[in-house]
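Colleague: Pasting a structure here, questions to come.
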Ligand code: WQD
């Protein structure tokens, strides 16, 4: 039966598409392409030999969702469609609540009306907020401090309630840490609009010469080298985690699992690894801390191993190698057709 991937033309969604197709599953992408490029469909075809079906639509459009779920004979949904910039969510919270929360509600309603029961939801470690203890376990309190994080927490709560409704859904909630890297072919990758917010695409733009220097936000954190520590996870490993979740989503009503490596890496360590992987020097300058940044967070990966039988296989070196491979092959992202 077919799997619908909302936001499937995006960075993470395209990698999930490839993994599902290569696992013999039929997929249909449902995407409004507000932050992704139709060229991704062609790239997925070049990697897998199969061009996924694609429906241009918005997850707030219940009728469009019902039509797509029915027409493609979907049995499950992987829900990635949403807005994900912490900074943008502060300046425009209404758009984030509308897209991320209302969109999840409308999708749930469309699933209930078509009898599609299984949903794997793309959540984020940002729901934890400032860690009380590390590594972050799934039972850590939820205290998001940005509108983006709050929309993810509310969407999780909404899905939990739908799981116990009279028309119950089977829900797997995956809390991503920091997805980076790309498929080894370099045909699909992270292609943010404008100046990237996140670290890895910023490093890549400096390595390729599109940006002159990497600003490192804070070198006075209580960490090994004073720079921020994160749990970077290869996007292909992350995609595999979704397949594992899909395979067990109908075993219990609601599942909440971290997808991270369990290892923390500092900004300077990542820059160093990227230089080794690419052979490119990365000019840096230290800038003041970024508002809202946390010193250090990384996952407990125990539950993912126990419940999903999943663990990350790729390390920082592969993440940097693959991120550079994408950047050098696609200096202008998907505009390099
Ligand atoms: C990582 C580290 C920065 C850019 C965000 C979202 C989170 C999730 C992943 C969606 C921090 C430092 C960054 C730069 C820098 N997205 N940095 N210079 O903030 O951990 O998480 O992306 O779910 O919700 O909040 O990721 O890559 O922005 O930052 O020094 O130019 O790199 O201070 O320590 P973050 P990031």
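Colleague: How many angstrom lie between the Cα centre of the range 301-321 and the Cα centre of the range 1-78?
Modeller: Between the Cα centres of the range 301-321 and the range 1-78 lies a distance of 24 Å.
Colleague: Please arrange 182, 99 by counting, for each residue, the other beta carbons lying within 10 Å of its beta carbon, fewest first. Please report the intermediate quantities before stating the final value.
Modeller: Working: 182 30, 99 20.
Lowest count first: 99, 182.
Colleague: Okay, moving on. Across all directions of projection, what mean area in square nanometres is found for the Cα convex hull of the chain? Don't skip to the end; give the middle numbers.
Modeller: Values: hull surface 61.4 nm².
Its Cα hull, projected and averaged over all orientations, spans 15.3 nm².
Colleague: Here is a further query. Rank 275, 261, 126 by mean-square fluctuation in a GNM of the chain with C-alpha springs under 10 angstrom and give only the top-ranked residue.
Modeller: The residue with the greatest mean-square fluctuation here is 275.
Colleague: Right, something else. Of the residues 26, 256, 141, which exhibits the maximal mean-square fluctuation in a Gaussian network model of the chain defined by a 10 Å Cα contact cut-off?
Modeller: 141
Colleague: Go ahead and set up a Gaussian network model of the chain, Cα springs under 10 Å, then flag whichever of 46, 321, 205 fluctuates most.
Modeller: Looking only at 46, 321, 205, the largest GNM fluctuation is found for 46.
Colleague: What number, in percent, do you get for the relative contact order of the chain if the mean sequence gap of Cα pairs under 8 Å and at least 6 apart is divided by its residue count? Kindly include the intermediate steps, with their values, before the conclusion.
Modeller: Details: 706 pairs, mean separation 63.3, N = 337.
Reported as a whole number, the value is 19 percent.
Colleague: Could you let me know the centre-to-centre spacing of the range 85-155 and the range 160-206, using Cα atoms, in angstrom?
Modeller: Rounded to whole Å, the Cα centres lie 12 Å apart.
Colleague: Taking other Cβ within 10 Å of each residue's Cβ, how do 120, 55 sort, fewest first?
Modeller: Working: 120 25, 55 19.
Ascending number of Cβ neighbours within 10 Å: 55, 120.
Colleague: Using alpha-carbon pairs under 8 Å, 6+ residues apart, how would you state the relative contact order of the range 1-90 in percent?
Modeller: Details: 141 pairs, mean separation 34.2, N = 90.
Computed value for the range 1-90: 38 percent relative contact order.
Colleague: Right, next: For the range 105-179, what relative contact order do you get, as a whole percent, if you take Cα pairs closer than 8 Å and at least 6 residues apart? Provide the component values of the computation, followed by the final result.
Modeller: Values: 83 pairs, mean separation 34.5, N = 75.
Over the range 105-179, the number comes to 46 percent.
Colleague: Could you tell me which of rounded, prolate or oblate describes the range 141-186, using a ≥ b ≥ c as the square roots of the eigenvalues of the alpha-carbon gyration tensor, with rounded for a/c under 1.5 and, failing that, prolate when a/b is larger than b/c and oblate otherwise?
Modeller: Details: a/c = 3.59, a/b = 1.52, b/c = 2.36.
Oblate shape, in that a/c is at least 1.5 and b/c is the bigger or equal ratio.
Colleague: Indicate the gyration tensor shape class of the range 267-321 (rounded, prolate or oblate), computed on the Cα atoms with a ≥ b ≥ c the square roots of the eigenvalues: a/c under 1.5 is rounded; otherwise a/b larger than b/c is prolate and the rest oblate. Don't jump to the answer; show the numbers that get you there.
Modeller: On the way: a/c = 4.95, a/b = 1.43, b/c = 3.47.
Cα axes put the range 267-321 in the oblate bin.
Colleague: May I ask you to sort 96, 232 by Cβ crowding, counting other Cβ atoms within 10 Å and putting the fewest first?
Modeller: Numbers: 96 25, 232 28.
Sorted ascending by nearby Cβ count, the order is 96, 232.
Each reported figure results from applying straightforward, stated rules to the coordinates on display, with no laboratory input. Quick caveat, the model's predicted, so the values are computed rather than measured. Don't worry about glycine lacking a Cβ; one is built from the backbone with ideal geometry, like all the others, and counts go over all protein chains shown.
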